[in-house]
Structures are given as structure tokens and as C-alpha cells.
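Okay, so here's the structure we're looking at.
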Amino acid sequence: MMNYFDSHAHYDDKRFKQDREELLRELLPSCGVSNVINIGCDVKSSEMSIRLAEKYDYIYAAVGVHPHELYDMSSQTIAKLKKLSEHKKVVAIGEIGLDYYYDTHPKELQRFWFRQQLRLAEETNLPVIIHSRDASQETFDIIKASSVRRGSIHCYSGSAQMALDYVKMGFSIGVGGVVTFSNAKKLVETVAAIPMESILIETDCPYLAPNPNRGKRNDSTNLKYVVEKIAEIKNLPPETVAEISEKNAKSLFFK
């Protein structure tokens, strides 16, 4: 059986309320899911991620505030995240970044708190989980101006050249279900361009289920479709893609 390392999941989401325990206790380990990073989007979900990590050996947590969730953001929030980051199963700061697709918060506010959370990653010496939507260049420029050089560019949607620039800086590229979509030309080009040693697989579950389950609730059992598509693009056996991506994730998060 292949082992799959899901580098980005949201099992604290309400869409898993009815069957979360069964899914995490029985289904995922039996399908070859070796590890999951459950990602925080605010303080509450960061705390929930830690609770899941405490309950399940194979789950780890990231803590951070998503650019959509800046409503109560303050210096006290940063202090709280720093305290949470001290937990032994917290392996990253995230998900943090910029999202200009929706007009949820002013761009300058997003940039300010993005920089503050990058500083938190610097202080804690943890890798980052980066969210970037319709803000590729600004996200890249802000990261480059920081000293952070380890992390995942989650659900990557930029150009192949920018992905190569991220890789040169030391970052990994998160590839999920979108790579299986018929309109994913840019992401397919990116996967072809970057080295396999810089690719992480992810679900972003419950969102972005790959074909053939597009539109349904996503979970880590669907990683096999992501792996199969990457294998097709890279002309590699799926077993090799699963093995290398697992090694990449362990090197990043368990260093």
C-alpha cells in the first residue's frame, strides 16, 4: 500500500461533524494516509487542530489566521498564536497570506497581518503554510522581503516561473485536487516544471475534491487521484510520487 501525507486539511470543519471520529479513527489509516497536517484559519480552529493532533497520533497541527478571518486580529492574537505554537505537535504557522478574490478585508490590513505572522514564523523557527489568491506577486514580494525560507505555497495558482522562484528560495509547492481539473493548464505546467522533490500533496478538505469526485466533500482518501495525475505529468510511477511527496513533507514539517 502507498503512503499518502496530506499536507493541508481542515478536519475541524463543520462538514465533518457527523462522521469525523469514524473517518479519522478507522478510514484514513486503513487507506494508507500516514500523516495529516490540520490547518488553523483562526484561533478557534487552531485550537481545534491541536486537539485533533492530541487525539490522533498521525495528525499534526498548524496555527495561524487566514486572510478572511482578520475580524478580531490584534497583538493579543499574535501572542495567543505564539503560545499555541509551543505545543509539541504544532509544526507550522498557517494558513496565512493574502486573498484579494473576495473584498473581505482591506488589502493593507491583510498585508500588515501577513507580515506580522511571517515574523511569528521567524521567531518560532517554524515553516509557513501560505494562502494566496489573486495576489501572487504581492505574496511573493512580501515573503521574499522576510527571512522566512521554509514552507508550503498551498493550493498553488501562480505561474510556473514563480513556482521555480519559490523553489529556489526553499519553498515547497502544494498540489491538490485542482490539478485533476480540465481547466488546470497552469498548474499542470507548474508540476511539469518544478522538481518532484519540491512537491507536496494536499487535499484542502473538505474543499476541492479531485475528479472523479469533484463537487463532493473532500477527504484524504482522494489523494490517490492527485498522486495519479502528478505521476502522469511527471512520467513516474504513482508509488514514486507518493513516496517522494511523503519524504518531502516529513523533511519540511518534522525537521
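The values are calculated or read from the model by the stated rules, or taken from the named source; none is laboratory data. Remember, predicted model here, so these are calculated numbers, not experimental data. Don't worry about glycine lacking a Cβ; one is built from the backbone with ideal geometry, like all the others, and counts go over all protein chains shown. The protein model used for the area step is the full one, side chains on, heavy atoms only, and it has no ligands, DNA or RNA in it. Shrake-Rupley method; radii C 1.70, N 1.55, O 1.52, S 1.80 Å.
The table below lists the values:
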read-out: Options 241, 167, 188: the member that is crowded, with 23+ Cβ neighbours inside 10 Å and at pLDDT 95 or above; value: 241
read-out: Sole exception among (1) surrounded by 18 or more Cβ atoms within 10 Å (Cβ to Cβ); (2) without any contact (Cβ under 8 Å) to a residue 40 or more places away in the chain; (3) in contact with a strand residue (DSSP E or B) (Cβ under 8 Å, 6 or more places away or on another chain) for residue 42, by number; value: (3)
read-out: Members of region 66-85 found to be in a loop (DSSP other than H, G, I, E, B) and either more than 19 Å from the chain's Cα centre (by Cα) or over 26 Å from residue 33 (Cα atoms) (or both), listed by number; value: 67, 68, 69, 70, 71, 72, 73, 74
read-out: Where residue 93 falls short, out of the listed (1) closer than 23 Å to residue 205 by Cα; (2) in a loop (DSSP other than H, G, I, E, B); (3) modelled with pLDDT of 95 or more; value: (2)
read-out: Flag if residue 88 is among the charged types (D, E, K, R) and closer than 16 Å to residue 39 by Cα; value: yes
read-out: Checking residue 114 against (1) in a helix (DSSP H, G or I); (2) open to solvent by 10 Å² or more (accessible area, probe 1.4 Å); (3) hydrophobic (A, V, I, L, M, F, W, C), the condition it does not meet; value: (2)
read-out: Considering residues of region 211-230 that are in a loop (DSSP other than H, G, I, E, B) and either among the hydrophobic types (A, V, I, L, M, F, W, C) or under 16 Å from the mean Cα position of the chain (by Cα) (or both) only, the residue surrounded by the most Cβ atoms within 10 Å (Cβ to Cβ); value: 219
read-out: Within region 145-164, considering residues that are touching a residue at least 60 places away in the same chain (Cβ under 8 Å) and not in a strand (DSSP E or B), the one surrounded by the fewest Cβ atoms within 10 Å (Cβ to Cβ); value: 150
read-out: Only one of 246, 197, 202 that is open to solvent by less than 20 Å² (accessible area, probe 1.4 Å) and within 21 Å of residue 153 (Cβ to Cβ); value: 202
